[in-house]
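One structure coming up, written as structure tokens, with questions to follow.
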Amino acid sequence: MTAYRATPGDADRVVDGPVPKHAQLREILRRAVERELPPGSPIPSERELATRYRVSRLTVRSAIGRLVDEGLLTRVRGKGTFTAAQRMELQLYLMSFTGDMRRRGLVPTTEVLHSGVENPPQQTVDALGLRAGEAAYRLVRLRLADGVPLAVERGWYHPGQVPGLLEADLTRSLYEQLARHYGIRFTHARQTVWAESADRDTARLLGIRAGDPLLVFHRVSGHRGRPVEDMTSWYRGDRYQVTTQLDPSPTEQGGIP
């Protein structure tokens with residue numbers, strides 16, 4: 001944390017008094033994050049902060065933990081704690097992850113974690129209009145931007161609509177592959193969004209802690225009235241936010257009282 005003064009000033013000291021020390025330290029760190037440190041800056045280790053402010057490491061851990069919960073700091077496993085990067089706006093329209101990252105000036109990459117032909121759960125059978133007992137393509141991928149893992153995608157695909165899909169280069173944009181090899185460009189989708197805590201496996205893939213917040217998107221996409229994809233995506237809650245515009249319903253065009 002090079003922007004910190006080597007010796008704390010009077011306003012940046014933790015003292016005995018009615019305000020708990022962890023709360024005092026939290027506000028000192030908050031001021032540094034908001035006024036001095038750009039997004040992605042590392043902060044000192046717990047040991048360094050404990051020595052600098054003459055408090056216990058438990059006090060430091062409590063102060064940092066609260067700022068992580070607030071979204072001002074983020075922990076990166078094996079690397080340390082950093083000021084949180086500005087959240088990206090997650091667009092609620094049909095665009096591939098690859099196209100979205102390129103639009104933002106970032107370099108997208110994809111790791112294929114699993115691909116195979118499997119029997120899907122009943123929910124997917126219904127969503128894709130499969131016959132009872134019919135197998136489907138299953139694909140699990142990790143999506144990164146500038147080397148940072150941002151999302152885990154677990155999807156099912158109708159084999160009758162995209163035969164031989166698993167033979168394609170699945171490290172590239174899947175939407176581009178569907179358009180090039182099958183003439184499929186998704187024309188409609190139904191999407192549900194919810195919040196969820198990261199389980200251990202998803203947290204490991206995304207480089208976050210189990211229990212950290214995720215934005216989850218479940219989408220069934222189709223082409224010309226035929227369902228093709230049943231996809232669930234887990235996005236890091238510290239990197240994304242969703243904004244929607246709310247207008248009065250047709251029955252309330254006179255305004256909301």
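The values are calculated or read from the model by the stated rules, or taken from the named source; none is laboratory data. Keep in mind the model is a prediction, meaning the values are calculated, not measured. Every residue, glycine among them, receives a Cβ derived from its backbone with ideal geometry; neighbour counts consider all protein chains shown. The protein model used for the area step is the full one, side chains on, heavy atoms only, and it has no ligands, DNA or RNA in it. Shrake-Rupley method; radii C 1.70, N 1.55, O 1.52, S 1.80 Å.
Under 13 Å from the Cβ of PRO120, count the other residues' Cβ atoms, weight Lys and Arg +1, Asp and Glu -1, and hand me the total.
Values: positive: ARG131, ARG138, ARG154; negative: GLU118, ASP126, GLU134, GLU229, ASP230.
Once positives and negatives cancel, what remains is -2.
Out of residues 5 or more away from LEU73 or on other chains, whose amide H comes under 5 Å of its own, with H placed 1.01 Å from N in the peptide plane?
VAL68, ALA84
With a 1.4 Å probe and every protein chain left in place, work out the accessible area per residue of the range 109-177 in Å², rounded to a whole number.
With the other protein chains kept in place, the range 109-177 gives 44 Å² per residue.
5 Å is the cut-off here: which amide hydrogens, built 1.01 Å from N in the peptide plane, fall below it relative to ILE184, excluding neighbours closer than 5 in sequence?
Answer set, sorted by chain and number: ALA179.
What length, rounded to one decimal in nm, is gained on full extension from ALA132 through to GLU176, with 0.36 nm per residue of separation minus their alpha-carbon distance? Intermediate values should be presented prior to the final figure.
On the way: separation 44, 0.36 × 44 = 15.84 nm, distance 3.00 nm.
Taking ALA132 through GLU176 to full extension adds about 12.8 nm, to one decimal.
Distance in nm between label sites at THR192 and LYS79, each 7 Å beyond Cα in the beta-carbon direction?
Placing both labels 7 Å beyond Cα along the Cβ direction yields 3.4 nm.
If you don't mind, there's one more thing I want to ask. Under 12 Å from the Cβ of ARG138, count the other residues' Cβ atoms, weight Lys and Arg +1, Asp and Glu -1, and hand me the total. Write down the numbers at each step before the final one.
Values: positive: ARG141, ARG154; negative: GLU118, GLU153, GLU229, ASP230.
With Lys, Arg at +1 and Asp, Glu at -1, the net is -2.
So how much slack lies between ARG54 and GLU70, counting 0.36 nm per residue of separation and subtracting their Cα-Cα distance, in nm? Don't skip to the end; give the middle numbers.
Numbers: separation 16, 0.36 × 16 = 5.76 nm, distance 2.44 nm.
Full-extension gain reported as 3.3 nm.
Still on this structure: Can you compute 3J(HN,Hα) from phi for each residue in the range 120-129, using the Karplus curve 6.51 cos²θ - 1.76 cosθ + 1.60 with θ = phi - 60°, rounded to whole Hz and x for Gly and Pro?
Rounded to whole hertz, the list is x, x, 4, 4, 6, 3, 5, 5, 8, x.
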